[in-house]
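First the structure, in the form of C-alpha cells, and then the observations on it.
FYI, it's all coordinate maths here, none of it is from the lab. Fair warning: this is a prediction, and the values are worked out from it, not measured in the lab. Cβ atoms come from the backbone with ideal geometry, glycine included; neighbour counts cover every protein chain shown.
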Ligand SMILES: Nc1nc2c(ncn2[C@@H]2O[C@H](COP(=O)(O)OP(=O)(O)OP(=O)(O)O)[C@@H](O)[C@H]2O)c(=O)[nH]1
Ligand SMILES: [Mg+2]
C-alpha cells in the first residue's frame with residue numbers, strides 16, 4: 001500500500017461485503033508500519049460502530065490437529081457445504097511456527113482451490129512470521145474484519161503443535177480437535193490440555209481402508225472424553241467424538257450439527273456473550289501490556305538501567321524484587 005488509504009471508503013466497502021476491500025483491509029491490519037497501524041485502528045473503530053448498529057456476530061470455529069491430519073481438506077469440504085447452503089464462509093490460517101516449514105500452512109499443497117472459487121468464500125493464509133502475541137493480535141483483528149464484512153462463519157485452521165491451538169481456542173466460539181485414524185496407543189500422544197479444551201473431536205479420513213481404524217479411534221476418544229469432567233458449557237449428549245471423511249462427505253453434516261448445537265447452547269445460556277466479553281478484556285490488557293513494554297523499551301535510559309540491574313540480579317548482588325522496584329522507581333509520575 002503506497003498511498004494513504006481512504007479509511008471511510010474502505011470501511012464502507014468492507015461493511016458492504018466486498019471481498020477485495022476485505023483483502024485490502026486485512027493487508028492493512030497485518031502491516032507493522034505505524035501509519036498503517038493507526039489507519040487499521042480507525043478502520044476497526046469505524047467498523048465496530050457499524051457492528052454495534054446491527055451486524056450479526058459470525059460463528060467462529062477453531063480447528064486444530066497435527067500436520068497432515070486433514071484440516072485443510074476438511075475445511076474445504078465443510079466450507080463448500082456451507083456456502084452451497086447459502087452461508088458466507090471465511091477461512092483463516094494461523095501458523096506461528098511456520099518458520100519450521102518455511103511457509104504458511106495454506107501453501108502450495110492446499111490452496112483450497114474449489115472453495116476459493118466460491119463467491120461466498122474468503123480464504124486468507126496467516127502472516128508467516130511474528131511472535132505468538134503478534135499473531136494473536138492480527139488474527140483477532142482479521143476475525144473482526146470478516147465479521148464486519150458479514151460473514152456467517154469464520155473457520156480458523158491452526159497446527160496443533162506449540163501453543164497456537166490455545167491462542168485459537170481463545171479467539172473462537174467453538175474449538176474442534178481433528179485426530180487421524182490410528183491404533184489405540186495413539187491416544188497417549190495427545191496432550192491432555194488440548195483434549196480438555198476441545199469442544200468436539202473429529203476423527204478424519206473415515207473412508208476406504210481407513211474406515212475401520214477411524215471408528216476404533218473414535219470409540220477410544222469417545223471413552224476418554226467421557227472420563228474427563230463434564231463441562232457446563234456443553235449441551236446434553238456432549239462431549240462427542242465423531243468420524244468424518246472429507247473425501248466422501250460422510251459425517252460432515254453431523255459434525256456441523258454438533259458445532260451448531262454447542263454454539264446454540266452457549267448462546268442460549270449467555271456463555272457465548274460472556275466469553276466474548278472476557279476475550280475483549282483480555283485483548284485490551286494484552287494490547288496495554290505490549291504498549292507499555294514498547295514505551296518503556298523506547299526510553300534509552302530505562303533500557304540501560306534494566307540491563308545493569310539484570311546483570312546485578314544474575315550475579316546475586318541484588319534481589320529480583322528489589323531490582324524491579326528500583327527500576328519502577330525511575331518511571332516518571
Ligand atoms: N482418505 C482420505 N484422505 C484425506 C482426507 N482428508 C485429507 N486427506 C489427505 O491427507 C493429507 C493431508 O491433508 P491436509 O488437509 O493437507 O492436512 P492438514 O491437516 O491441513 O495439513 P497441514 O496444513 O500441513 O498441517 C492429504 O494428502 C489429503 O489428501 C479424507 O477425508 N480421506
Ligand atoms: Mg492445512
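Odds and ends about this structure:
- For the chain, a Gaussian network of Cα nodes joined below 10 Å ranks 65, 208, 249 by mean-square fluctuation, and the top entry is 208.
- Averaging the Cα positions of each part gives two centres, and for region 192-242 and region 261-292 these lie 25 Å apart.
- The chain - mean residue ellipticity at 222 nm from DSSP helices (-39,500 (n - 2.57) per run, n ≥ 4, rounded to 500): -16500 deg cm²/dmol
- Global form of region 180-270, assessed from the alpha-carbon gyration tensor, a/c cut-off 1.5: oblate
- GNM top mover of 68, 291, 17 - the chain, alpha-carbon springs below 10 Å: 291
- Taking the longest Cα principal axis of the chain as reference, the axis of helix 211-227 is set at about 60 degrees.
- A crude spin-label estimate for the pair residue 257 and residue 276, with each label 7 Å from Cα along the Cβ direction, gives 2.7 nm.
- Modelled spin-label separation between residue 264 and residue 286, with each label point placed 7 Å from Cα along the Cα-to-Cβ direction: 3.1 nm.
- By average C-beta atoms within 10 angstrom, highest first, the peptides 237-243, 251-257: 237-243, 251-257
- Principal semi-axes in Å for the chain [√(5λ), Cα gyration tensor, largest first]: 37, 27, 19
- Relative protection proxy for 277-283, 165-171, 263-269, from highest mean packing down: 165-171, 263-269, 277-283 (other beta-carbon atoms within 10 angstrom).
- Listed residues 200, 43, 309, most fluctuating in the chain (Gaussian network, C-alpha, under 10 Å): 309
- Overall form of region 242-333 per C-alpha gyration tensor (a/c, 1.5; a/b vs b/c): prolate
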